[in-house]
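The structure appears right after this line, and notes come after that.
The values are calculated or read from the model by the stated rules, or taken from the named source; none is laboratory data. All values derive from a computational prediction rather than experimental measurement. Using ideal geometry, Cβ is built from the backbone for each residue, glycine included, and neighbour counts are taken over all protein chains shown.
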Amino acid sequence: MTIATQVFHVDPVHPDPAAIAAAAQALVEGCLVAFPTETVYGLGADALNAQAVERIFIAKQRPFSDPLIVHLASLVQLESVAVEIPAIAYALAERFWPGPLTLVLRRHSRVPPIVSAGRDTVAVRVPAHPVALALLRACALPVAAPSANLFSRPSPTTAQHVLDDLNGRIHIVLDAGPTSIGLESTVIDLTQSAPRLLRPGGATVDALRTLLPDLRTPEAPLVTSETEGAVSPGTLLKHCSPRAQVVLLMGEAEAALHFLRKVVPMLIERGMRVGLLIFDEEAPNVANLPATLVTAGSQRDPAGVARRLFARLRALDRLGVDVILARTMGQESTRTGLEMAIHDRLFRAAEGRILDVAAPDAPDLLLGHLSQLKEERER
């Protein structure tokens, strides 16, 4: 069934009360509302209404094994959705809320299991965006809200991205311009004996360790399968992925330039349209290659790269490329702050396909990757 999606353009700091009231009433009635947060646009439904939450999964074509984050207007609401809340959760909330930090806690029985992939946990945060907070206060509900995009596509950082994916599938979009962070929230599991990082995001590990000195962080991005109920959203191997096939290139700039000069003509000869997602510092060296070049921003500005990343991936899709060769950010052993989150999203956009550009067989491995993907798509 096609829905007439209504768009309200609102000021990002002082949103129109009438637009907020209309969106809040839609949530109360069990409808779907897309709204901006500081991270990405979210697709909201009443978190206590299982049928409304189910509509999120249907609209996004999202597997029920991928849990949702419950958004609150303030810390005061936490005990309405979670139980057995440890003291450290309140300390973290006082320090990081409103903000891009999600806490995984024990789920209150009033929150339906569909929100949490059937687990007894619930992921919760208070967003730091005036429009999101106004909406949450107006509806007086905990709101389940994953990113407002089709499942596995790059998360939306503008209302137009939402409409590109979900126009005719949802009821209301609150358009308040682009989001400020551009990557989803950090997710921390507080249900274990030692806190564990499940997804890097807008709240950095260094900042979190001021309160969580024993925070466990994975050596590589956490990956769960679609057949198991994930404890955190955003941990499936394929996530925030464009339609084009992404391959992530790691290694020094000179080796990457040599690799690209060799493989881009090879891919063109095979009839492939090639896109390059390259940092500003390296872009001039590849500008003469027969490929579509989109710059990701400066390596010295991770916040700028993060803010633009999903929009750049969507832009390459619009330009019609078949494969995107993207440069990773930072070195595995030294990534800090937003570099961890950027690498995590690129890793998932590439479905784990990473090539060391200095390896002698890297060109053959790339061609092998792409041939295998072509066969899989043609089956």
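Here are a few things to note about the model shown:
- Residue in region 81-95 that is of a type in the set (Lys, Arg) and surrounded by 15 or more Cβ atoms within 10 Å (Cβ to Cβ) present: no
- Considering residues of region 99-132 that are within 16 Å of residue 73 (Cβ to Cβ) and among the small types (Gly, Ala, Ser) only, the residue surrounded by the most Cβ atoms within 10 Å (Cβ to Cβ): 132
- Residue 339 surrounded by fewer than 22 Cβ atoms within 10 Å (Cβ to Cβ), modelled with pLDDT under 90 and under 19 Å from residue 239 (Cβ atoms): no
- The residues on offer are 263, 246, and the sole one that is among the hydrophobic types (A, V, I, L, M, F, W, C) and within 23 Å of residue 311 (Cα to Cα) is 246.
- Listed conditions (1) surrounded by 24 or more Cβ atoms within 10 Å (Cβ to Cβ); (2) modelled with pLDDT of 95 or more are all met by residue 150, apart from (1).
A quick yes/no check of all residues on (1) touching a Ser or Thr at 6+ places or on another chain (Cβ under 6 Å); (2) at pLDDT 95 or above:
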site	(1), (2)
155	yes, yes
158	no, yes
162	no, yes
167	yes, yes
189	no, yes
220	no, no
225	no, no
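- Candidates 300, 261, 318: the one that is surrounded by fewer than 20 Cβ atoms within 10 Å (Cβ to Cβ), more than 25 Å from the chain's Cα centre (by Cα) and charged (D, E, K, R) is 261.
- Scope region 1-22; condition part of a loop (DSSP other than H, G, I, E, B) and of a type outside the set (D, E, K, R); matching residues: 1, 2, 3, 4, 5, 10, 12, 13, 14, 15
- One residue stands out in region 157-215 among those that are polar (S, T, N, Q), farther than 30 Å from residue 90 by Cβ and touching a residue at least 40 places away in the same chain (Cβ under 8 Å): the one that is surrounded by the fewest Cβ atoms within 10 Å (Cβ to Cβ), namely 167.
- Residues of region 296-324 that are closer than 14 Å to residue 253 by Cβ and not small (Gly, Ala, Ser): 299, 300.
- Taking first residues from region 263-276 that are in the same structural domain as residue 289 (by TED's automatic domain parsing) and in contact (Cβ under 8 Å) with a residue 60 or more places away in the chain and partners that are assigned to a helix (DSSP H, G or I) and crowded, with 18+ Cβ neighbours inside 10 Å, the Cβ contacts under 7 Å between residues at least 6 apart in sequence or on separate chains come to 263/366.
- For region 269-294, filtering for residues that are of a type in the set (S, T, N, Q), surrounded by 15 or more Cβ atoms within 10 Å (Cβ to Cβ) and either assigned to a loop (DSSP other than H, G, I, E, B) or modelled with pLDDT of 95 or more (or both) leaves 1.
- Any hit, region 28-47, residues being in contact (Cβ under 8 Å) with a residue 60 or more places away in the chain, surrounded by fewer than 18 Cβ atoms within 10 Å (Cβ to Cβ) and either of a type in the set (Ser, Thr, Tyr) or over 26 Å from residue 308 (Cα atoms) (or both): yes
- Subset of region 228-251 (residues that are farther than 19 Å from residue 318 by Cβ and within 16 Å of the chain's Cα centre (by Cα)): 230, 231, 232, 233, 234, 235, 236, 237, 238, 239
- Residue satisfying all of: in region 85-98; among the aliphatic types (A, V, I, L, M) and free of Cβ contacts under 8 Å to residues at least 60 places away in the same chain; nearest to residue 75 (Cα to Cα) among these: 93
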